[in-house]
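Shown next, in structure tokens, is the structure this report addresses.
The values are calculated or read from the model by the stated rules, or taken from the named source; none is laboratory data. None of these values were measured; they are calculated from a predicted model. As a convention, Cβ positions derive from the backbone with ideal geometry for all residues, glycine included, and neighbour counts pool all protein chains shown. Ligands, DNA and RNA are excluded from the accessible area calculation, which covers all protein heavy atoms including side chains. Shrake-Rupley method; radii C 1.70, N 1.55, O 1.52, S 1.80 Å.
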Amino acid sequence: MKLSIPKGCDNAPKKDFLVNINMAYTRRDLTALREAFTDKFAWNCLETQKIVSKDDLNESIFMDSPIRALCLEKVLTHGREGAVMGKMTCENGIIYAFSEFYEFSGAKGDKVKSITRFIVPLNHG
């Protein structure tokens, strides 16, 4: 899998944490995702109009086609909030642009309380 991340993420723990969450999503690693989320976690998936809790995390949260490239263009954090913007290229050729907004459980930023995701296909494969 090809990965591109912005410079400067390697010395900011919360930014690195968000990069790792996105990498776990790309690898379809439910265990790593569950470990990153609080017990009352909520993932607001706007493309499917559903909210997924930590208990409901399963294979259905992933893209239909495996991701072959992840390009994170922006990774931002401030206090209890964070945001990631980028593009995912799937093995079926479809490229998606996405933005995710994170709420951390505290200012330390070691667990995610919620994610709101906006995702748009840029082509049709």
Taking 8 Å as the Cα distance limit and 6 or more residues as the minimum spacing, I'd like the relative contact order of the chain as a percentage. 26
Within segment 26-82, DSSP-loop GluC sites (Glu not before Pro) with at most 12 other C-beta atoms within 10 Å are E47
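What number in nm² do you get for segment 61-120 if you take the convex hull of its Cα atoms and divide its surface by four?
4.2
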With all protein chains present and a 1.4 Å probe, how do M23, M63 order by accessible area, largest first? M23, M63
For segment 1-98, restrict the atom set to alpha-carbon positions and state the Rg and Dmax in Å. 13.4, 38
Could you please state how large a percent of the accessible area of the chain is carbon and sulfur, counting protein chains only and using a 1.4 Å probe? 52
Tell me, what is the percent relative contact order of segment 1-66, built from C-alpha pairs under 8 Å that lie six or more residues apart? 22
Rounded to the nearest 5, what % of DSSP beta bridges with both residues in the chain are antiparallel? 80
Cα-based count: Lys pairs in the chain below 18 Å, eight or more positions apart or different chains? 23
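Note down the net charge around S53, summing +1 for each Lys or Arg and -1 for each Asp or Glu among other residues with Cβ under 13 Å from its Cβ.
On the way: positive: R34, K40, K50, K54, K113; negative: D39, D55, D56.
Overall, the nearby charge balance is +2.
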Using only the heavy atoms of the protein chains and a 1.4 Å probe, how would Y96, Y102 rank by accessible area, largest first? Y96, Y102
What is the distance in Å between the Cα centres of segment 73-125 and segment 1-59? 8
Segment 16-125: trypsin sites (Lys or Arg not before Pro) in DSSP coil with no more than 12 other Cβ atoms inside 10 Å: K108
From phi via Karplus (6.51, -1.76, 1.60), per-residue ³J(HN,Hα) for segment 52-57 in Hz, x at Gly/Pro: 10, 8, 4, 5, 8, 4
